[in-house]
Amino acid sequence: MMDFYQGQETLLQQTVRVVDSETVTLNQAAGRILAQTLIATADAPAFDNSAMDGYAVCGLDCTEWQLIGTAAAGDSRQQTLQHGQAMRIYTGAGIPLQTDAVIMQEKTSVNGNILTSTYTAKIGENIRRQGEELKQGAVLLPEGALLTPQSIGLAASQGACELPVYRKLRVSVFTTGDELVSGNSKLEQHQIYDSNRPMLLACLRQYAFIEVIDGGILPDKLDIITDTLARAAADSDSIIISGGASVGDRDLVKPALQQLGTIENWKLAIKPGKPFGWGTIDLCRVMLLPGNPVASFVTFKLMGLPALQTAAGRPIQQSLPACYQAKAAFSIAPNHQKRREFLRGTLCFTKNGPEVQLLDKQGSHMLSSCVNAQVLIDIPPQTDIHQGQWLTVHPI
Ligand SMILES: Nc1nc2c(c(=O)[nH]1)N[C@H]1C(S)=C(S)[C@@H](COP(=O)(O)OP(=O)(O)OC[C@H]3O[C@@H](n4cnc5c(N)ncnc54)[C@H](O)[C@@H]3O)O[C@H]1N2
Ligand code: MOO
């Protein structure tokens, strides 16, 4: 059984990234992955401008200035001040030549065309200098960046209308098991509703860089699983299949993958999620998720999603799940677990810093504990946990 962190690193290192790209408008770019490094085409700010509504003044040795006009945001005139002169100026307006500082209006008084202030401004005060944020030619956004709303705003600030992005990753999702029934059908005795496929489809649909294909429920029949996976592999970059990953005679996903391609690893030292495995069918990455719903969810979040992000073009470091440190508000002793455990918990911020609480009902069949969970708590194997100890948590 492979160690969890070794497994995560191995899976991501073995992941093949998409190379094809397309151009999309800024309106279509949210959540996509940038296919080329974007360079600043202009300085930011593009010109010296005012950070405040106030008065541009020339001569910091004065306490009175003669007001000679107004500079408003968008005003394209380049104006000039002489010593002892000032100009009404608004936030974002271009700075008149020879301005020493902008004095905010709250620190001034005006009588006719005379501006008075006893405030001693520093040279350059309230002036946003050209290029102080970015110089023309600097990297605006690196290749592989996830296009967040902020990065789209940044690209727009440089006049970009379209962006090159990697093509969407095609991901097919299946669940397996003769006991599974879709929500619109009647349950016979000992059948259950398929919760994993709707859950995984919902997880995937949160990512604009993924094109999600719902493959449906597969029966516990080797020939059907094999045929279906072979067809899906020809049409997908990745397949996610939940259930039938363990060791029972009816656990047929692994034998199907063995027939069609290669298994790169099967079984991870984590709880829940031990039977998690991955392999390939030709160029298609296949990930086997355990059937227990919590095991499916946890392995998707910690293994499946990072692998899909890498495949879609994000750098490995940015594909890994975010993690924080929080103090345990609970104890676990003694802990003889050989597998690294990911328990479901909630975070709260106390005067002692961030604290993580354990939720009830941690069974890998108990999805209800995932609903209220904010984090997965990393419990290392064979380690006692003492209250107050710092632990790694992954937000979910
Ligand atoms: N002899 C052993 N038995 C089991 C082992 C083991 O090491 N030796 N591992 C256990 C662990 S840990 C897990 S996790 C499960 C995973 O097994 P499978 O991936 O083969 O999953 P199934 O057997 O198909 O299902 C397990 C469980 O989950 C329910 N299930 C499956 N799919 C869904 C779905 N889409 N929606 C809702 N519920 C689902 C299924 O009915 C079973 O109750 O194996 C243990 N056994
Ligand atoms: O990995 Mo299983 O999920 O412990 O139940």
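The values are calculated or read from the model by the stated rules, or taken from the named source; none is laboratory data. These figures come from a predicted structure and were not determined experimentally. Cβ placement follows ideal geometry from the backbone for every residue including glycine, while neighbour counts extend to all protein chains displayed. With ligands, DNA and RNA removed, areas are computed over all heavy atoms of the protein, side chains included. Shrake-Rupley method; radii C 1.70, N 1.55, O 1.52, S 1.80 Å.
Round to a whole number: what % of the accessible area of the range 324-395 belongs to carbon and sulfur, probe 1.4 Å?
Summing carbon and sulfur atoms, their accessible area is 51 percent of the total for the range 324-395.
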Plugging the Cβ-Cβ distance of Val371 and Ser157 into 1/(1 + (r/R0)^6) at R0 = 35 Å yields, to the nearest 0.05, a FRET efficiency of 0.35
When the Karplus curve 6.51 cos²θ - 1.76 cosθ + 1.60 is applied with θ = phi - 60°, which whole-Hz ³J(HN,Hα) does each residue of the range 72-87 get, with x for Gly and Pro? 9, 4, x, 5, 8, 6, 9, 9, 9, 10, 10, 3, x, 10, 9, 9
Report the extension gain between Ser185 and Asp3 in nm, rounded to one decimal, defined as 0.36 nm multiplied by the number of residues separating them, less their alpha carbon distance. 61.5 nm
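Using 1/(1 + (r/R0)^6) with R0 = 22 angstrom and r between the beta carbons of Thr383 and Thr10, what's the FRET efficiency to the nearest 0.05?
My answer for the efficiency is 0.45.
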Set the bar at 26 Å for Cα to Cα. Now go through Lys271/Lys361; Lys221/Lys361; Lys168/Lys221; Lys168/Lys271; Lys254/Lys361; Lys301/Lys338 and name every pair that lies beyond it. Lys221/Lys361; Lys168/Lys221; Lys168/Lys271; Lys254/Lys361
Considering only protein heavy atoms, what is the solvent-accessible area of Leu260 at a probe of 1.4 Å, reported in Å² to the nearest 10? 50
Run the 1.4 Å probe and let me know the accessible area of Asp100, rounded to the nearest 10 Å². 40
Quick note, the range 289-335: a/c under 1.5 would make it rounded; otherwise a/b > b/c is prolate and the rest oblate (a ≥ b ≥ c, C-alpha gyration tensor); here it is oblate
Mind running the shape call on the range 324-395? Use the C-alpha gyration tensor, a ≥ b ≥ c as the square roots of the eigenvalues: rounded below 1.5 for a/c, prolate if a/b tops b/c, oblate otherwise. oblate
Grab the Cα-Cα distance for Ala202 and Glu106, subtract it from 0.36 nm times how many residues apart they are, and report the gain in nm with one decimal. 29.4 nm
Sequence of Val110, Val102 from largest to smallest accessible area, 1.4 Å probe: Val110, Val102
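Identify the trypsin sites (Lys or Arg not before Pro) of the range 123-202 meeting these criteria: DSSP loop state and at most 12 other C-beta atoms within 10 Å of the C-beta. Each step should come with its number before you reach the end.
On the way: sites: Arg128, Arg129, Lys135, Arg167, Lys168, Arg170, Lys186; in loops: Arg129, Lys135, Arg167, Lys168, Lys186.
Answer in residue order: Lys135, Lys186.
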Ranked order, Tyr324, Tyr5 - accessible area, probe 1.4 Å, largest first: Tyr324, Tyr5
What is the range 73-165 by shape, rounded, prolate or oblate, if you read a ≥ b ≥ c off the alpha carbon gyration tensor as root eigenvalues and call it rounded for a/c under 1.5, prolate for a/b larger than b/c, and oblate otherwise? prolate
Largest fluctuation, Val294, Val19, Val356 only, Gaussian network model of the chain with Cα springs under 10 angstrom, belongs to Val19
I'd like the accessible area for Asp360, computed on protein heavy atoms only with a 1.4 Å probe and all protein chains in place. Round to 10 Å², please. 120
Could you work out how far apart the two model spin labels at Gln258 and Lys351 are, taking each label as a point 7 Å from the Cα in the direction of the beta carbon, and quote it in nm? 6.1
Against the globular-protein guess of 2.2 N^0.38 Å, express the Cα radius of gyration of the chain as a ratio, rounded to two decimals. 1.38
Tell me the per residue accessible area of the range 49-128 using a 1.4 Å probe; a whole number in Å² is fine. 51
Can you tell me the relative contact order of the range 324-395? Whole percent, Cα pairs under 8 Å, sequence separation 6 or more. 48
Gain in span if fully extended, Thr120 to Arg77, counting 0.36 nm per residue against the direct Cα distance: 12.7 nm
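Taking 35 Å as R0, compute the FRET efficiency from the Cβ-Cβ separation of Ser195 and Asp20 and round it to 0.05.
On the way: r = 34 Å, r/R0 = 0.98.
Working from the Cβ atoms, E equals 0.55.
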Can you give me the span-like helices of the chain, meaning DSSP H runs with 24 Å or more of Cα extent along the axis and Kyte-Doolittle mean at or above -0.5? none
